[in-house]
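The values are calculated or read from the model by the stated rules, or taken from the named source; none is laboratory data. Computed from a predicted structure; not experimentally measured. Positions of Cβ are backbone-derived with ideal geometry, glycine not excepted, and every protein chain shown enters the neighbour counts.
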Amino acid sequence: MTVFFLELLVIGYILFSVAPMYMSGAVVDEFQDEIYSRISIPTFPCTINNTSGVPFSHVGQIGLKGDTAESPKQPFFWFFEAETARPKKSPLILRLGSDLGESALLSALSGPAPCALVENGTVFNPHRWTERFNLLVLDYPGSVGYSKAQEANNFHLEDAALDVYDFLQKFFKLHPGLERNSVVISAGGSFGGLLAPYIGSVIQNANKALARKKGSKRDVHIRLDSIMLSGSILNPASYFRWHLHDRCSRNIYDPETCLRVYGEFPACLYKIQSALQNPTVESNIKAGTFCYETLFKVVMNNTQFFESPKCAGYDNLKDAPPTCQLSLAQANEFFGNPSVQDYIGLDYTSFNAWNAQIESKFHSTGELIRPYHILYEKLIKDGVRLLNYVGSEDSTNPWSETVSDFERQQTPFQGRFLREAGSTWRLKDSPNATVRSIGVGAGTLTHILISEAAPFVKQDQSALVKSIVEHWITNQPFQMDLEDDDRNQWQLV
């Protein structure tokens, strides 16, 4: 650890010597247009020089509507500028946590960010998304990561989405110029993606109000281009139906357990259908609780499909690939270290990698049983593109569920998607991926199944995922262009 922090000091000194705007690591508390912000440029070795030779990232907290000293509402963010000649022209990826209650820093530092978090520190990430895109990592909702918030008694995704919209408006005022860029919402995990359609809906509704000159005069039009998911839920009925099928077909549950659960399962589907048709908080809670306890509170036969193939079998993370997932305890220890927080530019504060209260309130308020698929259908009809990529060995988010959700989406693309068999692709030195895509370029509705990948698909196939992200955001078709410099090395099998 001593050597690691000596390295931090050296890198911090280098970054300090070239930072153009603030003293590196210094914290600036200010009110700009009545927006409270606490911003710093970290001397943390997770910043890569852009083409101008200037390292640039911002961390901080922004006060949202209702923020007070007694009841703080200040989400933490980390903004990494694109490593391009004109970063203010590059698309902006808004990265959320992989699950409700999990810090987005964990998912960002296991794939998208310029560095990866490993045991005893960080390492350079060759498969970072920031080579071409701006990355905005947001810890929200609630007091997760470094965010400051007074936990509400009730938790509703609509309220959280309104807060994220408020955050984006204030972020764009503090970073003028970026508001003209296209925005892509990126989320993963079973529950992490549930917030995404609400954020998208709030943005689209606000944009329409602005177009009618009925929105806030201080708001800017947010150019929402698409939503990228990694194995996220779209339909609660599909979520439970296909989890049961997957866990029994893979022998995760023993035959006796499968027989018993299959006998109880029709009652689960009936309760979900009733709750969606006649939604009340009480009916949603009953359906969610019954189905969750019926399906998940059983003993597993094996857990191999919940592990990363690349990370299994390593006793020491130093010997494992750099993007292997750290435990929550290790993340808490690292980000909770006062020396690390000094380099980030924070006053000493606790770090909460996982806030179990947020997911608990999510379930206790019946938020699981909601018609997320209908929100996505409306967004797609509004021109917002949708991508879902998932690992073939993933049993936390089985691909049978995600592809079924896409097939059932009632959009103008449904018939074509059902007829689309899919193309098999691979990246050089990577396993196959099956792409089902409808629409121009990378598609309006695209599902990608990645071989040899489990829940942590960004870690298992980081080069492949990076190429998928680059194709998707630049809206380039998933095919080999013979006149291209083969930068992404796509090959038709």
Sort through GLN330, GLN357 and tell me the only one that's among the polar types (S, T, N, Q), at pLDDT 80 or above and under 30 Å from GLN150 (Cβ atoms).
GLN357
When both residues are 6+ apart or on different chains and their Cβ atoms are under 7 Å apart, which pairs have a first residue that lies in the stretch 159-181 and is at positive phi, and a second that is part of a helix (DSSP H, G or I)?
GLY177/LYS88
Which of (1) surrounded by 15 or more Cβ atoms within 10 Å (Cβ to Cβ); (2) modelled with pLDDT of 90 or more; (3) of a type in the set (A, V, I, L, M) is the odd one out, the single condition LEU234 does not satisfy?
(2)
Restricting attention to the stretch 430-445, does a residue exist that is crowded, with 19+ Cβ neighbours inside 10 Å, at pLDDT below 90 and under 23 Å from ILE185 (Cα atoms)?
yes
Between a first residue in the stretch 375-395 that is of a type in the set (S, T, N, Q) and a second residue that is assigned to a strand (DSSP E or B), which pairs have beta carbons less than 7 Å apart while being 6 or more apart in sequence or on different chains?
ASN388/LEU229; ASN388/HIS447; SER392/LEU449; SER392/ILE450
With respect to THR294, is the statement that it is among the hydroxyl-bearing types (Ser, Thr, Tyr), more than 28 Å from GLU407 (Cβ to Cβ) and more than 23 Å from the chain's Cα centre (by Cα) true?
no
Can you give me the number of residues within the stretch 242-258 that are more than 25 Å from the chain's Cα centre (by Cα) and either of a type in the set (D, E, K, R) or surrounded by fewer than 18 Cβ atoms within 10 Å (Cβ to Cβ) (or both)?
8
Consider ALA196 carefully, then state whether it is touching a Leu at 6+ places or on another chain (Cβ under 9 Å) and outside any strand (DSSP E or B).
yes
Give the residues of the stretch 112-137 that are under 12 Å from PHE80 (Cβ atoms) and of a type in the set (A, V, I, L, M), sorted by residue number.
ALA113, LEU135, LEU136, VAL137
Mind listing whichever residues of the stretch 200-215 are in contact (Cβ under 8 Å) with a residue 12 or more places away in the chain and of a type in the set (Gly, Ala, Ser)?
GLY200, SER201, ALA206
If you go through the stretch 111-138, how many residues are buried (at least 23 other Cβ atoms within 10 Å of the Cβ) and of a type in the set (Ser, Thr, Tyr)?
1
Across the stretch 355-386, the tally of residues that are of a type in the set (Ser, Thr, Tyr) and not in a helix (DSSP H, G or I) stands at 1
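Answer yes or no as to whether SER143 is modelled with pLDDT of 95 or more, within 30 Å of THR365 (Cα to Cα) and in contact with an Asp or Glu (Cβ under 9 Å, 6 or more places away or on another chain).
In short, no.
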For residues that are under 12 Å from the mean Cα position of the chain (by Cα) and assigned to a strand (DSSP E or B), scanning just the stretch 101-135, find the one that is modelled with the highest pLDDT.
LEU135
What do you reckon, is THR474 out of contact with any helix residue (DSSP H, G or I) (no Cβ under 6 Å at 6 or more places or on another chain), of a type outside the set (Lys, Arg), under 28 Å from LEU106 (Cβ atoms) and modelled with pLDDT of 90 or more?
yes
Looking at this structure, is SER216 among the small types (Gly, Ala, Ser), in a helix (DSSP H, G or I) and farther than 25 Å from GLN459 by Cα?
no
How about the stretch 219-241: which of its residues are outside any loop (DSSP other than H, G, I, E, B), under 22 Å from the mean Cα position of the chain (by Cα) and in contact (Cβ under 8 Å) with a residue 60 or more places away in the chain?
LEU224, ASP225, SER226, ILE227, MET228, LEU229, SER230, PRO236, SER238, TYR239
Looking at (1) more than 24 Å from ALA161 (Cβ to Cβ); (2) under 21 Å from the mean Cα position of the chain (by Cα), which is the one condition that is false for VAL390?
(1)
Taking the criterion of being part of a helix (DSSP H, G or I) and more than 14 Å from the chain's Cα centre (by Cα), would at least one residue in the stretch 140-156 satisfy it?
no
The lone exception for SER283 - which of (1) more than 23 Å from ARG370 (Cβ to Cβ); (2) in a helix (DSSP H, G or I) it fails
(1)
Can you name the residue in the stretch 360-393 that is among the polar types (S, T, N, Q) and surrounded by fewer than 24 Cβ atoms within 10 Å (Cβ to Cβ) and is also farthest from GLY145 (Cα to Cα) among such residues?
SER392
Is at least one residue of the stretch 305-317 in contact with a helix residue (DSSP H, G or I) (Cβ under 8 Å, 6 or more places away or on another chain), of a type in the set (Gly, Ala, Ser), at pLDDT below 85 and part of a helix (DSSP H, G or I)?
no
